[in-house]
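Encoded as structure tokens, the structure appears first; notes follow it.
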Amino acid sequence: MVRKALGVALIAAGIAGCAWLAMEELRYLEAAELDRKAYPLRLVDLDPIAPRGGVEYFGKLKLRIYIRGSGVVDHIDVVQSTLPASAMEHAVKAFAETRWEPGMKAGRGRRSVKVVEVDFEAPLRGLDRPLSSPAS
């Protein structure tokens, strides 16, 4: 009777352990949990934001990119953006279409989260002329 109860307990513990391992495999690991962080296999080329109606746009974008263990982007969350919606959508699409080298843990590609910050700088005006020195 005790042996049977012990066997049932071990089976239950094994099932619980397998469920925990399965859940761990489905979890997206943060950068600090990885042996090597995920990185894009090619440069993500983002064009400057085109002026519209005589207005030039600039700003910042912060993304959380969820990458599968195969290197394919699963989904992207916009954490913060000061960009016009069309520019933000263009940047998100560019990162979503990029293939990634997945984050690695114990020698295996794992699901991971990559935080990316993009700064679309303000256009510089008047720097095409040399600076003049004050008259002496």
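Do you know which residues across the range 61-77 are under 21 Å from Arg99 (Cβ atoms) and assigned to a strand (DSSP E or B)?
Leu61, Leu63, Arg64, Ile65, Tyr66, Ile67, Val73, Asp74, His75, Ile76, Asp77
Anything in the range 100-116 that is open to solvent by 50 Å² or more (accessible area, probe 1.4 Å) and over 29 Å from Lys60 (Cβ atoms)? List them, or say none.
Residues satisfying the conditions are Lys105, Ala106, Gly107, Arg108.
I'd like the residue in the range 21-60 that is outside any loop (DSSP other than H, G, I, E, B) and over 19 Å from Pro102 (Cα atoms) and, out of all such residues, is modelled with the lowest pLDDT.
Leu21
Residue by residue through the range 80-99, note down the ones that are open to solvent by 40 Å² or more (accessible area, probe 1.4 Å) and in a helix (DSSP H, G or I).
Answer for the range 80-99, where residues must be open to solvent by 40 Å² or more (accessible area, probe 1.4 Å) and in a helix (DSSP H, G or I): Ala85, Ser86, Met88, Glu89, His90, Lys93, Ala96.
The values are calculated or read from the model by the stated rules, or taken from the named source; none is laboratory data. Since the model is a prediction, treat every value here as computed from it, not as a measurement. In this analysis, Cβ positions are derived from the backbone assuming ideal geometry, glycine residues included, and neighbour counts consider all displayed protein chains. In case anyone asks, the SASA skips ligands and DNA or RNA and just uses the protein heavy atoms, side chains included. Shrake-Rupley method; radii C 1.70, N 1.55, O 1.52, S 1.80 Å.
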